[in-house]
1. Which FRET efficiency value, to the nearest 0.05, is calculated for residue 313 and residue 250 with the Förster distance at 51 angstrom and r the Cβ-Cβ distance?
2. How much length would be gained if the chain were fully extended between residue 2 and residue 85, taking 0.36 nm per residue of separation minus their Cα-Cα distance, in nm to one decimal?
3. Full-extension gain between residue 281 and residue 268, please, as 0.36 nm times their residue separation minus the C-alpha to C-alpha distance.
4. Given that just one value was derived from the coordinates, which of (i) 88, 68, 42; (ii) 53, 43, 41; (iii) 85, 50, 44 is Cα extents along the principal axes in Å?
5. Give the separation of the Cα centroids, region 22-47 to region 101-121, in Å.
6. Quick one: if you stick a label point 7 Å off each Cα along the C-beta vector at residue 140 and residue 214, how many nm between them?
7. What residue among 260, 186, 286 has the largest mean-square fluctuation in a Gaussian network model of the chain, using Cα springs under 10 Å?
8. For residue 170 and residue 259 in one chain, what is 0.36 nm times their gap in residues minus the Cα-Cα distance, to one decimal in nm?
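No lab work stands behind these numbers, since they all come straight from the coordinates. It should be emphasised that the depicted structure is a prediction, and the values quoted were computed from it without experimental measurement. FYI the Cβ positions are ideal-geometry reconstructions off the backbone, even for glycines, and counts take in every protein chain you see.
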């Protein structure tokens, strides 16, 4: 299974001897649909010169048009498929033009995720694994008591087991690769949930926190590999409102004006709400979750759309900061007065 992350460029290269140009056909679709009969996009290039015959196509943005996140929601006690629009299927056909005739070179299938790759690891990074965990397995996640959230993983066609403190769930992925929601469970005797396939496994470590004073806020966002992640903000929150409008001076109806009417009026008045949240004490490697949050394009607070106002923060360490807490500021991405048209 070829998995690519299309927030970073992914290049298709064609460089055949004696070619005068090339063509790439992209077939893009979402499950449960099947591969389209005609190409979704056809990209054509001529060579730069007789000595520069390589042609290169960046296909990432074409895939991103087919990925649309809705919202994270799960009340199931066993693994379920994620929304089909959270990823897309891609088939790439490469052609070389020699003597004015296009010849098919090869056909390659991909799964496109709305994640990004690390600059230091070079170009065209992808995974060929049968299971791609869409979470950071090194981080111990802080849960509320009896909270039901999940992690995502992309599975190739096959049979798998999701092992939790509640039960072991066997499930099959049929027909085509899918992103699956894997619910997280915690009890005092077992804080590990685990994906099992063949002799391989990936674990998720949990920590349950009782917060007696504040009402925790759940932040859900799309992480660096294109899956839903969750951060609980357990501690103090500060809510504020920002109101904007336009002012103008108006003329009175007569020289004997109404003193209660005033000279200055405001129109197009509307407001937005902001909130500052604190994580409470977290482990040092939570810095990776915070980085994912800062770079995410999709952020929700208790399933309400938000924009992250905080654009920078120190990535804290236990050596320098002792107890680590992150304070982040958000703005809800809608007006308080509904003026949507």
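1. Values: r = 46 Å, r/R0 = 0.90.
Efficiency computed from Cβ-Cβ geometry: 0.65.
2. Details: separation 83, 0.36 × 83 = 29.88 nm, distance 1.81 nm.
Going from the current span to full extension adds 28.1 nm.
3. Details: separation 13, 0.36 × 13 = 4.68 nm, distance 4.23 nm.
Full extension of this stretch gives 0.5 nm more.
4. (i)
5. Distance between centres, Cα-based: 12 Å.
6. Between residue 140 and residue 214, the label points sit 2.0 nm apart.
7. Among 260, 186, 286, the largest GNM mean-square fluctuation belongs to 260.
8. Values: separation 89, 0.36 × 89 = 32.04 nm, distance 7.59 nm.
Going from the current span to full extension adds 24.4 nm.
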